[in-house]
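Please read the structure below before turning to the comments.
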Amino acid sequence: MIPIRYVEPVFRPPSESASLILPVTDGCSWNECTFCEMYTASQKKFRAREEVEILESIRLCGERSSAHTGDQIRRVFLADGDALVLPTRRLLSILSAIKTHLPAVRRISSYCLPRNLRKKSQSEINELAAAGLSMVYVGAESGDDTVLAAVNKGETHKTTCEALEKFAQAGITRSVMILNGLGGKVFSRQHADNSARLANETQPEYLATLVVSFPQGEQRFRAGFPAWQPLDQHELFVEMEQFLSALELKRTVFRSDHASNWLVLKGTLGADKARLLAQVRQAIAAPDQALLRPGWARGL
């Protein structure tokens, strides 16, 4: 058994499926985004874990990993929703322990709320990078300030760009996520345009889109965004076409393959922009010929 205490629910990015999930906090320190069902107050309250518990878990994982040389831990994901809310000193202690007890680790990553970078200087981010933090996942959701305010994200276009720029200067890989359909019918165009503008200004190494959905119901979301009207399948494709058309990326890996997406898109921008746009335009013009994911297979 893994010597780590997990508090359900536990989430991680799809690309961290082979990683050791190491909780350094429980829940999310903001937990006010009305679209998010990952860490609701009724499920898991935010708390920073005791440093002694985290370091002991790392040490024990190291012992067990070294006993099974054919199954070395090579990736670690610092959970939960925003590990970088911890003070830099504590993060450096955790990163040092990983380096000491799990020497085979080649990538350490984390979710990050842009707000957590406001109190950290560039030199602190540089220290974290030098200590082993190599990748962050930033849920930008939108680059449009009106949409961000409507969903109570607690961020703006500017604050997200500032955080992404700090990571870029430190050489930390950035994976940015945008929610297709988050602005609804009223704000669809500006949501697409300003989300593309955010990506263009920051040039993230990875960019992904998911379709906004509410498996547990829309009541909480609509309370703060009463004018929101969901996009139908066709409108989602139109918004995606507008988003892709406005992107001016040099070398960004793009993925729109989450289970919520009707149309699976994969490529590198800008090399594959024309092909991706052609796929989306076919889905707009002739969805029955576009190899869409069937409704029953959309894991919502």
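Please state which one of Ser93, Ser57 is surrounded by fewer than 20 Cβ atoms within 10 Å (Cβ to Cβ), small (Gly, Ala, Ser) and under 30 Å from Ser121 (Cα atoms).
Ser93
Do we have His258 as in contact (Cβ under 8 Å) with a residue 60 or more places away in the chain and under 18 Å from Arg293 (Cα atoms) here?
Judged against the criteria, His258 is a match.
Scan the stretch 80-87 and give yes if some residue there is in a helix (DSSP H, G or I), in the same structural domain as Glu50 (by TED's automatic domain parsing) and over 22 Å from the mean Cα position of the chain (by Cα), otherwise no.
no
Give all pairs with beta carbons closer than 7 Å in which a residue from the stretch 193-208 that is farther than 14 Å from Thr268 by Cα meets a residue that is β-branched (Val, Ile, Thr); count only pairs at least 6 apart in sequence or on separate chains.
The qualifying pairs are Ser195/Ile178; Leu198/Thr160.
Tell me, yes or no, whether the stretch 28-36 has at least one residue that is out of contact with any Gly (no Cβ under 8 Å at 6 or more places or on another chain) and not acidic (Asp, Glu).
Within the stretch 28-36, one or more residues are out of contact with any Gly (no Cβ under 8 Å at 6 or more places or on another chain) and not acidic (Asp, Glu).
To keep it simple, each residue is scored yes or no on (1) of a type in the set (D, E, K, R); (2) surrounded by fewer than 23 Cβ atoms within 10 Å (Cβ to Cβ); (3) touching a Gly at 6+ places or on another chain (Cβ under 8 Å); (4) under 30 Å from Glu241 (Cα atoms).
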{"position": "Thr100", "(1), (2), (3), (4)": "no, yes, yes, no"}
{"position": "Ala104", "(1), (2), (3), (4)": "no, yes, no, no"}
{"position": "Glu127", "(1), (2), (3), (4)": "yes, yes, no, no"}
{"position": "Thr156", "(1), (2), (3), (4)": "no, yes, no, yes"}
{"position": "Thr173", "(1), (2), (3), (4)": "no, yes, no, yes"}
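The values are calculated or read from the model by the stated rules, or taken from the named source; none is laboratory data. Source: prediction; values computed, not measured. Please note: Cβ atoms are built from the backbone with ideal geometry, for glycine as well, and neighbour counts cover all protein chains shown.
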